[in-house]
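Here's the structure, in structure tokens; my notes come after.
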Amino acid sequence: MATPLPTLRSRPLTLTYEIPISKTNKFWSGIKEGKIYTTKCKKCGKLSFPPVADCPVCLSSDPEWVELSNEAEVETFTHVAVLPATFQKYEPYTIAIGKLKEGVRVLAWLKDVKLENTKVGMKVKLQPKVTSEGMLTLEFLPI
Amino acid sequence: MSMRKVAVVGVGNSKFGSRQDVNLGELAFEAVKPAYEDAGITGKDIPFVALGSAGGWYEETLPAVVTAEYCGLTGAGLVHCEAACASGSAAFATAYLDVASGHNDVAIAIGLEKMREVDGPTILELIGRAGYYFWEFHNFGITFPAYYALHATAHMAKYGTTQEDLALVSVKNHKYAAMNPVAHFQKEITVEDALKAAVIAWPLKLYDCCPITDGAAAVILASEEKVKEFKIDTPVWVAGLGYASGTANLTNRESFVGLTAARAAANRAFKEAGVTPDDIEVATAHDCFTIAEIMAYEDIGFCKKGEGAKLIREGQTEIGGKIPVNVDGGLKAKGHPIGATGCSMIYELTRQLREQAQKRQRQVPLKKYLALAHNVGGTGHYGYVTILRR
């Protein structure tokens, strides 16, 4: 092996962002209640997922919060084997995009299904979850 | 449109690879100086600089000012363009518009990325965040291979595209990279190598993914009067340019079997150039992952939707086929220094149109002298298509 070339190590910097969620808090607090909420524009009727405080179609800032079903169909999926820096402590995970019966799509981990049994078109349920680390999230589970 | 004609008059491309021997400015210099020499001018002749770089993985926050000073361009109008993996094309478009509008007579676009100063999991993290961090990365740790794997799964399910088809793209691009002196990889691979390789994000395996590469490329653009003044003997004209965008959330896309932004950009570029996909004789397509090249064939219109795999199976995108694509090795094997790629595509196509491809075996035979560059930013977040004509 060739000798590594000389480098100068930069000063290290750890960045953490505090991301405001005041306008979408119903979604995050809903997860704790076991419910999946999203927004529907009162003016033009557009159902959005992820939820939005401001409608990109008609520009109204007056949405109503509606509860979504948990019935979904897998549109596509992948199994992530090589993990990014902040996910190194996890086992490889399957990410799926599911279409809910209301027509909106959700991207989340698909748990408890082996890769060889995961298929486009399979029916799954979408489950709100508070992880052991206290993260608020959604996951797809087999029916 | 009351735009002026604009020509590419000088191009340069650094060696792509793991470049621990150079810092950001030194890497840019390797592309900029040859571009000056190619055009027969210097930085003093260039009043506008657009630098394309996604950044975040190297130490400098203002890469444009560092590069401009290092390459003797200080004083010129200066902008840093970001369009993720299409940042180089965004810089090219910005420089083109500056000259086409008549605001300046000469401009340079520089694409630059230094990606290997951080470790592997960190670069995977930073690129994975290049979608919608809040909704798609924070809880789900999606990576860039995973974003394209979602498209591969959907394409395979809908059109019967196979993992062997994906491997064929990689085999082709490695073959041409081995003949390209600036390419990161200089070795051929087999379908078997590709199929046996470790899974990165199923169904994508190691050889379905572009490497993490350092590199730079530069393109000098000039008005028709300046082409004469500089005595440019083989100007390559910008015949058409299109750009468009896609949603940040992948879930809000219309489908996962193609990239709407790339399709819209291609339509616009063809309309502007007044040509059709059948007129194009050589193309660079955004093959950050093998599935992306197959989708690109379809999105550009080299074949019908769903027939991309057939094109690669039949060898139609090799030299001698219907439309040679990525005969520089593509992102897959030439390497994908994110912000450099768009300008590197213009470098390759300019050399092809001048019949100067290195090595000579990579030269595509030309009759109409029409070439197309297809450059995608993010997972179809940005789409840029450029048509060049000699």
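Computed from the coordinates by the stated procedures, all read-outs in this text should not be read as laboratory data. All figures in this text were calculated on a predicted structure; none of them were measured in a lab. Methodologically, a virtual Cβ is constructed for each residue, glycine included, from the backbone with ideal geometry; neighbour enumeration extends over all protein chains shown.
Computed from the alpha carbon atoms alone, the convex hull of the stretch B:304-390 holds 115 Å³ per residue. The modelled label-to-label distance between B:GLU254 and B:SER18, using points 7 Å beyond Cα along the C-beta direction, is 4.2 nm. What does the charge add up to near A:THR118, with Lys and Arg as +1, Asp and Glu as -1, over the other residues with Cβ less than 15 Å from its Cβ? Surrounding charge for A:THR118 is 0. Averaged over residues, the count of other Cβ atoms within 10 Å places the peptides A:27-40, B:61-74 in the sequence B:61-74, A:27-40, highest first. Net charge of the neighbourhood of B:LEU388, taken over other residues with C-beta under 13 Å away and scored Lys/Arg +1, Asp/Glu -1, is +2.
Were the residues from B:ASP279 through B:GLU225 laid out at 0.36 nm apart, the gain over their Cα-Cα distance would be 16.6 nm.
Tell me, what does the Kirkwood hydrodynamic radius of the protein assembly as shown come to in angstroms if you use every pair of distinct C-alpha atoms?
Values: mean 1/r = 0.0420 Å⁻¹.
Every distinct Cα pair counted, the radius reaches 23.8 Å.
Using the Cβ-Cβ distance between B:LYS304 and A:CYS58 with R0 set to 30 Å, the FRET efficiency works out to roughly 0.25. Rounded to the nearest 10 degrees, the inclination of helix B:87-100 to the longest alpha-carbon principal axis of chain B is 30 degrees.
Projection of the Cα convex hull of the stretch B:189-285, averaged over all directions and equal to a quarter of that hull's surface, yields 10.5 nm².
Shown here: the stretch A:22-68, whose C-alpha atoms stretch 31, 20, 13 Å along the first, second and third principal axes, sorted largest to smallest. Rounded to the nearest 500, the helix-only mean residue ellipticity at 222 nm of chain A stands at -1500 deg cm²/dmol, with each DSSP H run of n ≥ 4 adding -39,500 (n - 2.57). Projecting label points 7 angstrom from Cα along Cα→Cβ for B:GLU355 and B:ASP233 puts them 1.2 nm apart. Mind giving me the FRET efficiency for B:GLU60 and B:LYS196? R0 is 25 Å, r the Cβ-Cβ distance, nearest 0.05 is fine. Here the calculated transfer efficiency is 0.05. Close amide H contacts of B:LYS5 (hydrogens built in the peptide plane, cut-off under 5 Å, sequence separation of 5 or more or a different chain): B:GLU224. The string of couplings for the stretch B:316-330 from the Karplus curve (6.51, -1.76, 1.60, θ = phi - 60°) is 6, 9, 9, 4, x, x, 4, 8, x, 10, 6, 7, 9, x, x Hz, one whole number per residue in order, with x for Gly and Pro.
When chain A is described by a simple charge dipole with +1 on each Lys and Arg Cβ and -1 on each Asp and Glu Cβ, the residue from A:PRO128, A:ALA2, A:VAL82 located farthest towards its positive end is A:ALA2. Result for chain B in a Gaussian network model with C-alpha springs under 10 Å: among B:ALA90, B:ALA266, B:ALA194, the largest mean-square fluctuation is at B:ALA194. Label-to-label distance, A:LYS119 versus A:TRP65, with points set 7 angstrom from Cα along the beta-carbon direction: 3.8 nm. Calculated mean residue ellipticity at 222 nm for chain B: -10500 deg cm²/dmol, from DSSP H runs with n ≥ 4 weighted as -39500 (n - 2.57), summed, divided by the residue count and rounded to 500.
Mind running the shape call on the stretch A:69-143? Use the C-alpha gyration tensor, a ≥ b ≥ c as the square roots of the eigenvalues: rounded below 1.5 for a/c, prolate if a/b tops b/c, oblate otherwise. Working shown, then result.
Working: a/c = 2.03, a/b = 1.34, b/c = 1.52.
It is oblate, given that a/c is not under 1.5 and a/b is not larger than b/c.
Over the stretch B:65-196, what per residue volume does the convex hull of the Cα atoms give, in whole Å³?
Values: hull volume 26.7 nm³, N = 132.
Cα-based convex hull of the stretch B:65-196, divided per residue, equals 203 Å³.
In sequence order, the stretch B:22-36 has phi-based couplings of 9, 8, 4, x, 5, 5, 4, 4, 5, 9, 6, 4, x, 5, 4 Hz under the Karplus curve 6.51 cos²θ - 1.76 cosθ + 1.60, θ = phi - 60°, and Gly or Pro positions carry x.
Rounded to the nearest 10 degrees, what's the angle between the helix B:341-353 long axis and the longest principal axis of chain B, both from Cα atoms, 0 to 90? On a 0 to 90 degree scale, this one is about 70. Placing unit charges on the Cβ atoms only, positive for Lys and Arg and negative for Asp and Glu, gives the stretch A:69-143 a dipole magnitude near 80 debye about its Cα centre. Placing one equal scatterer on every Cα of chain B and applying the Debye formula, the log10 ratio I(q)/I(0) at q = 0.13 Å⁻¹ is -0.98.
With a ≥ b ≥ c the root eigenvalues of the C-alpha gyration tensor of the stretch B:66-122, is it rounded (a/c under 1.5), prolate (a/b larger than b/c) or oblate?
On the way: a/c = 3.92, a/b = 1.74, b/c = 2.26.
It comes out oblate by the Cα gyration axes.
A Cβ-based charge dipole, computed about the Cα centre of the stretch A:22-68 with Lys and Arg at +1 and Asp and Glu at -1, lands at about 20 debye.
Report the charge-dipole magnitude of chain B in Debye, nearest 20, computed about the Cα centre from +1 at each Lys and Arg Cβ and -1 at each Asp and Glu Cβ. Before the final figure, lay out the partial values.
Numbers: 38 positive and 43 negative charges, 194 e Å.
Value, rounded to 20: 940 debye.
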